[in-house]
Each structure stands twice: as C-alpha cells, then as structure tokens.
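Here's the structure we're looking at; comments come further down.
The values are calculated or read from the model by the stated rules, or taken from the named source; none is laboratory data. Since this is a predicted model, take the numbers as computed values, not measurements. Because the Cβ atoms are built from the backbone with ideal geometry, glycine has one as well, and the counts that use them run over all protein chains shown.
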Amino acid sequence: MQDREPGLFRKWFWNTYDYLGTLIVINILWLLLALPLVTLPLAFAGLFRVTGRIAAYEETGIGDFFAHTRGDLRRSFLLCGMYAGVLILLAANVLFYVQLMEDRPWTGAILSGVMMWLIVFVCMTAAYALPLMLREQAPVRQIVRTSVYLVVDNPRHSFALLLAGSLVMVFSLASGIGLLFLGLGAIGVLFSTGLREVLKRYEQREAGVLEEARGWRDLLRPWGYS
C-alpha cells in the first residue's frame with residue numbers, strides 16, 4: 001500500500017523547519033533591501049530564488065539570494081511595478097466607492113465590494129506569479145496569464161494559500177520579532193511550496209524527488225534528514 005503524500009501545509013512546515021537558519025538570514029536581507037523601495041524587486045527575486053529551491057528539495061543557501069540573472073531582475077521589476085500599480089488603482093477605487101455610499105448606498109456598497117474581491121483575486125495571482133518568475137524563464141505576460149489560470153482553475157487552493165500567508169503576516173506584524181526574523185521567509189516558502197503542489201496537477205511525469213512522510217516525533221531528531 002502506497003503511503004499518502006504529505007499535504008501542502010505539512011510540507012511547508014518541514015521545508016521551513018529544515019532551512020530555519022537560512023530563512024532567518026534571508027528574511028533580514030529582504031528587509032534591508034526592501035527599505036529603499038526601489039530595490040524591493042531585488043529583494044523579491046532573492047527571496048523566491050531561495051524559497052523556490054527549498055520547495056523543490058534542492059540544496060540552497062544564502063549565496064542563492066544574490067544569484068540573479070538579468071532576465072530574473074527584469075521580470076521582478078516588471079511584475080512588482082505592475083502589481084503595485086494595479087493594487088494602488090483598485091484601492092483608490094475602493095475609497096471612491098466607499099465615499100459614494102453617502103449618496104448612493106447600494107451602488108457604492110456593491111461596487112466597493114467588487115473592488116475588494118478584485119484585490120483578493122490579484123493578490124492570489126501574485127502568490128503564484130512571484131515564485132513562478134524564478135521557476136520559469138518566460139515573459140511577464142505569460143507568467144501573469146499562467147497565474148490567472150491557476151487561480152481560476154484552483155480557487156480553493158489559491159484562497160487557502162493567500163489566507164495562510166496573510167495570517168502569517170498578521171502574526172509577524174503583531175509580534176514584531178516574527179517580521180524581523182522569519183515572517184517573510186516563511187511566506188516565501190509557503191507560496192513556493194503552494195505553486196509546486198498545484199503545478200503537480202498538470203504534470204504528466206512522475207515526481208523525481210523523494211518526499212518523505214515525517215511526523216511530529218521527527219522534531220526531536222532532525223539529524224535523520226540532514
């Protein structure tokens with residue numbers, strides 16, 4: 001009888017646990033690069049370079065955070081700029097329609113609700129697009145198209161992924177320490193693992209990487225997997 005494959009969140013936990021030290025350093029590097037907003041795309045490219053390799057069960061380290069190609073940086077800058085522009089535009093529309101509720105309550109409520117759900121949809125596509133830009137050497141248009149397709153075809157998986165990432169961010173912001181040392185790295189591993197899991201549904205070949213089923217007892221003896 002074949003063992004049941006571990007679920008997304010169990011894989012996410014173990015991927016984060018196995019590279020905890022690396023992710024703490026990566027998290028700090030991300031924050032340092034993100035402080036000047038102009039280098040935010042560099043931070044995302046480095047983060048998802050490392051977490052993508054973690055999710056694929058490939059050896060990685062801090063050096064991969066800086067292992068960019070010109071194409072990687074170009075895609076990262078274009079994607080970050082595009083998503084920032086779209087989200088700012090949608091947020092402005094939400095504010096406009098909320099103010100419209102004073103004169104036209106139903107119209108304002110419906111349109112502001114639509115804009116909010118569009119923001120959720122865009123964020124769900126971003127959860128795939130950001131790790132996908134380092135996984136595939138494809139044009140930005142194709143990356144966005146693929147991300148939209150994955151969300152439309154896997155709405156429950158995509159919403160669960162975004163919800164889990166949002167909860168991690170909320171707890172990280174609330175604690176402060178979590179944001180500084182692990183929060184963003186954990187979210188990067190979550191999105192990269194989530195992308196890998198959903199792409200398996202469209203791949204015909206057998207997975208070539210052994211994914212061991214691990215339990216909570218393995219927390220006490222992690223050297224068995226090092």
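Laid out as a table, the results:
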{"read-out": "Helices (runs of 4 or more DSSP H) contained entirely in the range 99-207, each with at least 1 residues that are at pLDDT 95 or above and among the small types (Gly, Ala, Ser)", "value": "105-135, 140-153, 155-175, 183-199"}
{"read-out": "Residue list for the range 149-187, filter: within 20 Å of Lys11 (Cα to Cα) and polar (S, T, N, Q)", "value": "Asn154, Ser158, Ser166"}
{"read-out": "Residues located in the range 96-107, provided they are of a type outside the set (S, T, N, Q) and surrounded by 12 or more Cβ atoms within 10 Å (Cβ to Cβ)", "value": "Phe96, Tyr97, Val98, Leu100, Met101, Arg104"}
{"read-out": "Residue within the range 108-127 that is buried (at least 19 other Cβ atoms within 10 Å of the Cβ), under 18 Å from Gly52 (Cα atoms) and among the polar types (S, T, N, Q) present", "value": "yes"}
{"read-out": "Scan of the range 121-169 for residues that are more than 23 Å from Gly185 (Cβ to Cβ) and not aliphatic (A, V, I, L, M), ordered by number", "value": "Phe121, Gln137, Pro139, Arg141, Gln142, Arg145, Thr146, Tyr149, Asp153, Asn154, Pro155, Arg156"}
{"read-out": "Members of the range 142-196 that are more than 21 Å from Leu78 (Cα to Cα), of a type in the set (Val, Ile, Thr) and in contact (Cβ under 8 Å) with a residue 40 or more places away in the chain", "value": "Val189, Thr193"}
{"read-out": "Candidates Tyr57, Tyr17, Tyr97, filtered to the one that is more than 16 Å from the chain's Cα centre (by Cα) and at positive phi", "value": "Tyr57"}
{"read-out": "Counted residues, the range 60-81 - those being aliphatic (A, V, I, L, M), within 18 Å of the chain's Cα centre (by Cα) and surrounded by fewer than 17 Cβ atoms within 10 Å (Cβ to Cβ)", "value": "1"}
{"read-out": "Neighbours by Cβ (under 7 Å, 6+ apart or cross-chain): first from the range 1-29, closer than 14 Å to Val189 by Cα; second modelled with pLDDT of 90 or more and acidic (Asp, Glu)", "value": "Leu8/Glu197"}
